[in-house]
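Novice: Sending over a structure as structure tokens; questions will come in a sec.
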Amino acid sequence: MIVLEEVDYVYPNGFQALRGVSLTIREGAFLAIMGRSGAGKTTLIKHLNGLLKPSRGRVTVDGVDTRKATVAQLSRKVGIVFQNPDHQLFAETVEEEIAFPLKNFGFTPSEMRERIDWVLKLFNLERYRHHSPLSLSGGEKKRVAMASIVAWKPKYLVLDEPTLGQDRENKLKLRKLFQEFRRENRTVVMVTHDVEFAAECGFDVALLADGKILASGSAREVLSKPKLLEEASLTAPQLVELFLKLGSPKPVFTVEEAERLILNLAGRG
Amino acid sequence: MAVIKARNLTYKYPHAEAPAIRNVNLTVEEGEFILLSGPSGCGKTTLCRCFNGLIPHFYGGELEGEIWVAGLNVRETTPAELASHVGLIFQNPENQLFSLSVERDVAFGLENLGLPPEEIRRRVDWALNLVGISDLRDRAPWELSGGQQQKVAIACVLAMQPSILVFDEPTSFLDPKTAKEIFNVISELRRRLNLTILVVEHRLEALIPHATRLILMDRGEIVLDGEPRRVLLEAAEKLNFKVNIPSIVLLHRRLSGLGLLSGEPPLTVGEMAAQLGGVIKH
């Protein structure tokens, strides 16, 4: 369990990015942190592995105060993939990039091979195994960065904007990965602007605005409230907006659901 | 007048086994607003790099076929010269920013053009104001959030006042509401200044109401190209799995299949609601 208690964070230049944030992330939780640019989302996740320590308040990871542990210690449990893959990638080939943390964490050669093959397939990267990560497109680099963390299956997986630059197929694959992590009772925290994706994947949502938590709850609950979304600078998914315009507001996130509801409204259900 | 013309354009990066784009034929007329999409790795970014000469001048590799931009043969024109005609905004704003203040970053390209200080000041103010970041002018780009940084990068390019703007997933780092504002600004610019706009984007729904043309690529080739409604409809049949078709278009298609709707596929939620208005009993 990761617990944030009344966390404030003030950057060295005096900018206060978090204001009294309290949040409990239980084991097996799926939590999406959403909100406008500059709301404090990335600052928040940097507290989860001790990269940033709270200016006031406390963060504990499985009972350990992040002030009393090193980032290296915390990183065994908390794997973070940051928004910009260029900050993370350094190896000569995609395969080495993924192998590096596995080697560090003491995986055997045969386990390593297995994990590498698994994530290359999962992230649609098989044809780039021996390519330099830097030669890839933005979306592909992002997948390499994710693959290298997902490969060692951290207890807490933290992803900053995982759907950035990803097409439909890769988003579906990510969704499948989440299902696997759910079966294994792992925890996934993601920062995202992708309202539909968060809802589809069944995440809970914490809405952040100006460094404070504005609302939290299930995605269906939070993301179907247009006023709340407006406050957090998110746009309602098209289908939610559609039913609002039809004078029959509903938390609708899939085309199948929408079809059923329309057929009912049209008296053909 | 055609501002971009590509003929049988094929390009292979150095050491690559296969071409990144293949046999691309494309004519872009002045004032068009083109939305370019397709699966990850389909060649969208590579094509954009041909427009301002990064390909072949910076990346090397093998370029076959012909490409003209603003009447200039890209092969024979330096990226520096192309930069005053084509502005490129990339996925990652950090690669574009390097000064100690936002203002300095926006002024940098203008100083290189040798413009008088007054004109530079006027254009910097204008560009900062357009993207809504006048209050950030004295801040250091590296202390800004990803979204704010991308706005700075957009201001830098806008300040150069090029006639063609190419955006490569410009709103990846922006929240959807801010993204919408940016697209509204760009669309307004096109209308007022007759700019030609080409935007690479995965999230079609935010941009499609602005676009005059939708181009979809797959495996290095242009597979669909034309009027947005028609292309969306065809894409829903052929490429649904690979492209994020807006959910109202998919819903429209299903309801049409059931004989409930007969109109054209909607580009906005408002259009969809209007079509459904006649079907739903109140």
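No lab work stands behind these numbers, since they all come straight from the coordinates. Because the structure is a prediction, the values reported are computed rather than measured. Every residue, glycine as well, gets a Cβ built from its backbone with ideal geometry; the counts of neighbours run over all protein chains shown.
Novice: Which whole-number percent is the relative contact order of chain B (Cα, under 8 Å, 6+ apart)?
Specialist: Once normalised by length, the contact order is 22 percent.
Novice: Then there's this: Specify the angular offset, from 0 to 90 degrees and rounded to the nearest 10, of the alpha carbon long axis of helix B:247-257 from the longest principal axis of the alpha carbons in chain B.
Specialist: Relative to chain B, helix B:247-257 is tipped by roughly 20 degrees.
Novice: I want to make sure I understand the PRE zone here: with the label point 7 angstrom from the Cα of B:Glu17 toward its beta carbon, which residues in region A:130-153 have backbone N atoms less than 12 Å away?
Specialist: A:130-131
Novice: Still on this structure, I have one more. Residues with beta-carbon under 12 Å from that of B:Leu267, excluding B:Leu267: net charge, scoring Lys, Arg +1 and Asp, Glu -1?
Specialist: -2
Novice: Among residues other than A:Pro133 whose Cβ falls under 15 Å from its Cβ, what is the net charge (Lys/Arg +1, Asp/Glu -1)? Show your work: numbers first, answer last.
Specialist: Details: positive: A:Arg127, A:Arg129, A:Lys141, A:Lys142, A:Arg143; negative: A:Asp86, A:Glu92, A:Glu95, A:Glu96, A:Glu97, A:Glu126, A:Glu140.
Local charge sum for A:Pro133: -2.
Novice: What's the exposure ranking of A:Val255, B:Val86, A:Val10, going from fewest to most Cβ atoms within 10 Å?
Specialist: By the 10 Å Cβ count, ascending, the order reads A:Val10, A:Val255, B:Val86.
Novice: Mind ranking A:102-109, B:247-254, B:39-46, B:147-154 by how tightly packed they are, going by the mean number of other C-beta atoms within 10 angstrom, highest first?
Specialist: B:147-154, B:39-46, B:247-254, A:102-109
Novice: A further question follows. What does the convex hull of the alpha-carbon atoms of region A:180-269 project to on average, in nm²?
Specialist: With every direction weighted equally, the projected area is 6.8 nm².
Novice: Other chains' Cβ within 10 Å of A:236-242 residues: what's the mean?
Specialist: Numbers: counts 2, 4, 12, 7, 2, 6, 9.
Per-residue shielding by partner chains comes out at 6.
Novice: So, one more: Around B:Glu188, under 15 Å between beta carbons, what's the net of Lys plus Arg minus Asp minus Glu among the other residues?
Specialist: Charge balance near B:Glu188 sits at +3.
Novice: Magnitude of the Cβ-charge dipole of the protein assembly as shown, K/R +1 and D/E -1, about the Cα centre, nearest 20 debye?
Specialist: Here the protein assembly as shown has a charge dipole of around 1360 debye.
Novice: Please turn the phi angles of region B:79-87 into ³J(HN,Hα) values with the Karplus equation 6.51 cos²θ - 1.76 cosθ + 1.60 (θ = phi - 60°), one per residue in order, whole Hz, x for glycine and proline.
Specialist: Per residue, the Karplus-derived 3J(HN,Hα) values read x, 4, 6, 5, 4, 7, 10, 10, x Hz.
Novice: Percent of Cα-Cα pairs per 10 Å bin, from 0 to the last occupied bin, for region B:136-227, please list those.
Specialist: Percent of pairs per bin, in order: 14, 45, 32, 8, 1.
Novice: Return the calculated 222 nm mean residue ellipticity for chain B, to the nearest 500 deg cm²/dmol, obtained by summing -39500 (n - 2.57) across DSSP H runs with n ≥ 4 and dividing by the residue count.
Specialist: Dividing the helical sum by the residues of chain B leaves -11000 deg cm²/dmol.
Novice: Okay, next question. Across peptide A:191-202, how many C-beta atoms of other chains are within 10 Å of each residue C-beta, on average?
Specialist: So the per-residue partner count for this stretch is 2.
Novice: Go ahead and run the numbers for FRET between A:Arg260 and B:Asn112, Cβ-Cβ distance against an R0 of 51 Å, rounding to 0.05. Before the final figure, lay out each step's value.
Specialist: Working: r = 59 Å, r/R0 = 1.15.
Computed FRET efficiency for A:Arg260 and B:Asn112 comes out at 0.30.
Novice: Using a cut-off of 18 Å between alpha-carbon atoms, which lysines can reach A:Lys103, once sequence neighbours fewer than 8 places away in the same chain are excluded?
Specialist: Within reach: A:Lys77, A:Lys153, A:Lys155.
Novice: Taking the highest mean first, how do the peptides A:13-19, B:165-171 order by number of other beta carbon atoms within 10 angstrom per residue?
Specialist: Going by the mean number of other Cβ atoms within 10 Å, highest first, we get B:165-171, A:13-19.
Novice: For the charge dipole of region A:117-187, defined by +1 on Lys and Arg C-beta atoms and -1 on Asp and Glu C-beta atoms about the Cα centroid, which residue among A:Thr187, A:Asn124, A:Ile149 has the Cα displaced farthest towards the positive pole?
Specialist: Of the listed residues, the answer is A:Thr187.
Novice: Cut-off under 24 Å on the C-alpha distance; same-chain residues fewer than 8 positions from B:Lys12 excluded. Which lysines are left, in chain and number order?
Specialist: Cross-link targets: A:Lys141, A:Lys142, B:Lys44, B:Lys242.
Novice: According to a simple spin-label model (label point 7 Å from Cα along Cα-to-Cβ), what is the distance in nm between B:Glu237 and A:Asp8?
Specialist: The two pseudo-label positions are separated by 6.3 nm.
Novice: Taking the mean number of other Cβ atoms within 10 Å as a proxy for protection, how do you rank B:257-264, B:217-224, A:143-150 from highest to lowest?
Specialist: So the order, starting with the most tightly packed, is A:143-150, B:217-224, B:257-264.
Novice: Assign one of three labels to the protein assembly as shown, namely rounded, prolate or oblate, based on the Cα gyration tensor with a ≥ b ≥ c the square roots of its eigenvalues; rounded applies when a/c is under 1.5, prolate when it is not and a/b is larger than b/c, and oblate otherwise.
Specialist: Details: a/c = 1.34, a/b = 1.13, b/c = 1.19.
Because its axes are fairly even, with a/c under 1.5, the protein assembly as shown counts as rounded.
Novice: On to the next question. For region A:27-178, what's the relative contact order in percent, using C-alpha pairs closer than 8 Å and at least 6 residues apart?
Specialist: 26 percent
Novice: Now a separate question. Counting only helical runs of four or more DSSP H residues, what would the 222 nm mean residue ellipticity of chain A come to if each run contributes -39,500 (n - 2.57) and the total is spread over all its residues?
Specialist: That comes out to -10500 deg cm²/dmol.
Novice: Would you please state which residues of region A:243-269 a label at A:Lys176 would reach in this model, taking the label point 7 Å out along Cα→Cβ and a backbone N cut-off of under 16 Å?
Specialist: The answer is none, because no backbone nitrogen lies closer than 16 Å to the label point.
Novice: At a 10 Å Cβ-Cβ cut-off, how would you order A:Tyr128, B:Tyr59, A:Tyr11, fewest neighbours first?
Specialist: A:Tyr11, B:Tyr59, A:Tyr128
Novice: Using the basic label-point model (7 angstrom from Cα toward the beta carbon), what is the A:Glu221 to B:Glu30 distance in nanometres?
Specialist: With each label point 7 Å from Cα toward Cβ, the separation is 5.8 nm.
Novice: On average, how many beta carbons from a partner chain sit within 10 Å of the beta carbon of a residue in B:242-249?
Specialist: 5
Novice: How would you rank A:Glu169, B:Glu103, going from fewest to most other Cβ atoms within 10 Å of each one's own Cβ? Could the numbers behind the result be given before it?
Specialist: Values: A:Glu169 15, B:Glu103 20.
Sorted ascending by nearby Cβ count, the order is A:Glu169, B:Glu103.
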